Amino acid sequence: MASKLEALERWVNEVAARTRPAKIHWCDGSEAEYQQLVKEMLADGTLIELNQETHPGCYLHRSNPSDVARVEHLTFVCHKNQDDAGPNNHWMDPTEAHAKIDALFDGCMEGRTMYVIPYCMGPIDSPLSRCGVEITDSPYVVANMRIMTRMGKAAQERIEREGSFVKGLHSTGELDPERRFIMHFPEERTIKSYGSGYGGNALLGKKCHALRIASNQARDEGWLAEHMLIVGIENPQGDTHYVAAAFPSACGKTNLAMLIPPEGYRKDGWKVWTVGDDICWMRPGADGRLYAINPEAGFFGVAPGTSTSTNSNALQSISRNTIFTNVAVTADNQPWWEGLPGTPVTDWQGRPYDPANGPAAHPNSRFTVSAKQCPTWSEKAEDAQGVPIDAIVFGGRRPSLLPLVMEARDWAHGVLMGAAMGSETTAAATGAVGVLRRDSMAMKPFCGYHYGDYFAHWLSFDKPGMKLPKIFHVNWFRKGKDGKFLWPGFGENLRVLEWMINRADGKARGMETPIGIIPAEGELKLEGLNLPREATSELLDIDTAGWQAELDAIGEYLASFGSRMPERLHQEQQRVARGLSAAE
Ligand code: GTP
Ligand code: SPV
Ligand code: MN
């Protein structure tokens, strides 16, 4: 027996009977195993060696050009009852879904190796962590899962002790978009993914498990599984406040998680610690505060735009032992993307670079790297108890209307702010880019059940005995009349975080407005920024007529979820709308 757990052994045998691999390999997670896989992938061209002098241990993978991002139209959440999936998900009857995808898995691993990957999402000894097993025929997936999760022997031992695990079955199949599905069965805690080798579709520990399935586990067990970064802000007195922030894909989570303080702040002794850049699991502690862990062990980050000036922590992290996917290459075989100095000679598809073909690196090209390599990696990220959260932040790409920062007056108002979140679409998913869509809590592609029930679950945390964090909304992407960003962003975002922390500590008064609390005159530190005065007032300007239209749109959006939308959120929307009318 390869596992002491009968349920695991039986499931692996069932899958093998269907997929008929030549060989089964149980992953132990060792360095030797990783090196062996790399060797095999270099031999068959799955990986391409990059310049080992400048980038030791770094490799390039080129995915199929039809397989470069998440595919939301092929992603299904298959609850028994269609209503439980909600209008926010594509739904298929579970029996039909199993039949459809199982037919694709029939014999799909013939002549190949089937890998069994036991993994743990979160520190291996944390009560907040949850385990899973992914079965895949892709060594690229195994290598990425080893970086992104606690994978191998220790995870298998925890699974055998606990007796339960999330089941994930994956095959890259023919990479034919016509034969591609990402299916979730929340009641069975099962995932089946066929026909894609790309990140969120194939590394099943990430979005499929840690968000779509985990959001269901979280609701049943009284915690939250969110698309959030976690960052620690240490002030000159040595106190660290932890902030969790939800921004949609490719809207700045990795950047904020690895923020480099502006020079003045650095001199004063401010430090920033990275706990997570994409996913956050949090649950109330005995003291009523929310404690958070990052279920991941690595970063699967957006490459384009990553540079010394925007994110030098990320750049330093990826100088060694990194897998790059769909980036371009320079003449001396270094990885390259838009935003880096130097010139590309080969584009992400392996063609000689020609600007007529578009960007050299794919806009959703990524790096996979162990979090341990990040210079600002927090030692608290390994803490089994998690970190206490002082502020929750929502935000998106909004070229107009939304101010740089505002604070919710209470938890319910904050839940409304999160529910109302909107953002321009990005390259992280297939489809048009730059279209405004609602993306509540940045979870539109990831919430594994009805959004109405999800908002009710969020509201349920507001009860006696809880010491909930304050909730804020930010917008780094407001544009001036010239079409340029008004706010410099990146490291300068610390100025906004400092105001939030001051609010949490009762050290800033703020100014009440109908849409929320904004910084009072002088509370946002802008010294050394050279921000024109008009820009400052424009960043915090509240356009009453624009907001009335926005509140109407939010009302319609909430109503689109029908009777499962909690009445409390409707009331909150009406309260804000009334406040706006009164202020007119
Ligand atoms: P996922 O991994 O897809 O979930 O994305 P993410 O939210 O981690 O995105 P990331 O931090 O990689 O941000 C990607 C894009 O946002 C890049 O184009 C950055 O240049 C841009 N960006 C990040 N922070 C800022 C900011 O403060 N201001 C502006 N203007 N752009 C930003
Ligand atoms: C995202 O798109 O939000 C990502 C990348 O973090 S993926 O793993 O593809 O979901
Ligand atoms: Mn993400």
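The values are calculated or read from the model by the stated rules, or taken from the named source; none is laboratory data. Keep in mind the model is a prediction, meaning the values are calculated, not measured. With ideal geometry, Cβ positions are generated from the backbone for all residues, glycine too; neighbour counts draw on all protein chains shown. Heads up: the accessible areas ignore ligands, DNA and RNA and are worked out on the full protein's heavy atoms, side chains in. Shrake-Rupley method; radii C 1.70, N 1.55, O 1.52, S 1.80 Å.
Could you work out the helix-only [θ] at 222 nm for the chain, with each DSSP H run of four or more residues adding -39,500 (n - 2.57) and the total divided by the number of residues, to the nearest 500 deg cm²/dmol?
Taken over the chain, the calculation gives -8500 deg cm²/dmol.
Please give the FRET efficiency for SER164 paired with LYS271, using the beta carbon to beta carbon distance and R0 = 41 Å, rounded to the nearest 0.05.
0.55
Cα centroid distance between region 164-187 and region 474-490, in Å?
39
What distance in nm separates the two pseudo spin-label positions at PHE485 and THR536, each 7 Å out from Cα along the beta-carbon direction?
For the pair PHE485/THR536, the computed spacing is 2.1 nm.
Give the separation of the Cα centroids, region 304-334 to region 113-159, in Å.
Region 304-334 and region 113-159 have Cα centres spaced 26 Å from each other.
Where the accessible area of the chain is counted over protein heavy atoms with a 1.4 Å probe, how much of it, in %, is carbon and sulfur?
Carbon and sulfur: 50 percent of the exposed surface of the chain.
Amide H of ARG130 versus every other amide H placed in the peptide plane: which residues, excluding those fewer than 5 positions away on the same chain, fall under 5 Å?
MET121
Have a look at the DSSP beta bridges in the chain and tell me what percent are antiparallel, nearest 5. Please list the in-between numbers first.
Values: 60 of 92 bridges.
If I count the DSSP bridges inside the chain, around 65 percent turn out antiparallel.
Which whole-number percent gives the relative contact order of region 414-482, counting Cα pairs below 8 Å spaced six or more residues apart? Before the final figure, lay out the partial values.
On the way: 50 pairs, mean separation 20.3, N = 69.
About 29 percent, as a whole number.
So if each residue of separation counts as 0.36 nm, and I subtract the Cα-Cα distance between MET466 and ILE124, what length gain in nm does that give?
Working: separation 342, 0.36 × 342 = 123.12 nm, distance 2.73 nm.
Value of the extension gain: 120.4 nm.
Using alpha carbons only, how many degrees (0 to 90, rounded to 10) separate the axis of helix 94-105 from the longest principal axis of the chain?
Computed tilt is about 50 degrees.
Largest first and to the nearest Å, give the Cα extent of the chain along each principal axis.
Principal axes ranked by extent give 71, 55, 46 Å for the Cα atoms.
Please give the residues of region 61-91, grouped as numeric ranges, whose backbone N is less than 20 Å from a label point set 7 Å along the Cα-to-Cβ vector of ASP354.
Inside the label zone: 65-66.
What does the highest-first list of 341-352, 465-476 look like by mean Cβ count within 10 Å?
Values: 341-352: 15.7, 465-476: 19.8.
So the order, starting with the most tightly packed, is 465-476, 341-352.
What is the distance, in nm, between label points placed 7 Å from the Cα along the Cα-to-Cβ direction at GLU96 and at VAL435?
Going from the GLU96 label point to the VAL435 one covers 2.4 nm.
Relative to the longest principal Cα axis of the chain, at what angle does helix 567-583 sit, 0 to 90 degrees, rounded to 10?
40
For region 485-555, just say rounded, prolate or oblate: build the C-alpha gyration tensor, square-root its eigenvalues into a ≥ b ≥ c, call rounded for a/c under 1.5, and beyond that prolate if a/b exceeds b/c, oblate if not. Write out the running numbers ahead of the final one.
Details: a/c = 2.05, a/b = 1.36, b/c = 1.50.
Note, shape of region 485-555 comes out oblate.
Suppose the Debye formula is applied to equal point scatterers at every Cα of region 55-188; what is log10 I(q)/I(0) at q = 0.13 Å⁻¹?
Debye output, listed in q order: -0.69.
Can you list which of the trypsin sites (Lys or Arg not before Pro) found in region 477-542 are DSSP loop residues with at most 12 other C-beta atoms within 10 Å? Let's see the in-between values first.
Numbers: sites: ARG478, LYS479, LYS481, LYS484, ARG495, ARG503, LYS507, ARG509, LYS525, ARG533; in loops: ARG478, LYS481, LYS484, LYS507, ARG509, LYS525.
Answer by residue number: LYS481, LYS484, LYS507, ARG509.
Looking at the square roots a ≥ b ≥ c of the eigenvalues of the Cα gyration tensor of region 313-417, which shape do they give, rounded for a/c under 1.5, prolate if a/b is larger than b/c, or oblate?
It is oblate, given that a/c is not under 1.5 and a/b is not larger than b/c.
Apply the Karplus curve 6.51 cos²θ - 1.76 cosθ + 1.60, θ = phi - 60°, to the phi angles in region 60-69 and return the couplings in whole Hz, x for Gly and Pro.
Couplings: 10, 10, 10, 7, 4, x, 8, 9, 10, 6 Hz.
Could you work out how far helix 493-504 tilts from the main Cα principal axis of the chain, as a 0 to 90 degree angle to the nearest 10?
Roughly 70 degrees between the two axes.
Can you tell me the accessible area per residue over region 25-184, all protein chains present, probe 1.4 angstrom, in square angstrom? Spell out each step's value before the answer.
On the way: 6140 Å² over 160 residues.
Computed with neighbouring chains in place, this is 38 Å² per residue.
What accessible area per residue comes out for region 264-328, rounded to a whole number of Å², with a 1.4 Å probe? Walk me through the numbers on the way to the answer.
On the way: 2010 Å² over 65 residues.
Counting only protein heavy atoms, the per-residue value for region 264-328 is 31 Å².
Nearest 0.05, what FRET efficiency do SER581 and GLU512 give at R0 = 22 Å with Cβ-Cβ as r?
Values: r = 16 Å, r/R0 = 0.73.
So, using R0 = 22 Å, E works out to roughly 0.85.
If you plug each phi of region 461-467 into the Karplus form 6.51 cos²θ - 1.76 cosθ + 1.60 with θ = phi - 60°, what whole-Hz ³J(HN,Hα) values come out, in order, with x for Gly and Pro?
Computed from phi, the couplings for region 461-467 are 6, 7, 8, x, x, 8, 10 Hz.
Can you tell me how much longer the chain between SER30 and GLU263 gets when fully stretched, taken as 0.36 nm per residue apart minus their C-alpha distance, in nm with one decimal? Don't skip to the answer; put the middle values down first.
Details: separation 233, 0.36 × 233 = 83.88 nm, distance 4.09 nm.
Residue separation times 0.36 nm, minus the Cα-Cα distance, leaves 79.8 nm.
Through the Karplus equation 6.51 cos²θ - 1.76 cosθ + 1.60, θ set to phi - 60°, convert the phi angles of region 375-380 into ³J(HN,Hα) values in whole Hz; use x for Gly and Pro.
Computed from phi, the couplings for region 375-380 are x, 9, 4, 7, 5, 5 Hz.
Any idea of the accessible area per residue across region 493-578, 1.4 Å probe, to the nearest Å²? Let's see the in-between values first.
On the way: 4370 Å² over 86 residues.
Per-residue accessible area for region 493-578 comes out at 51 Å².
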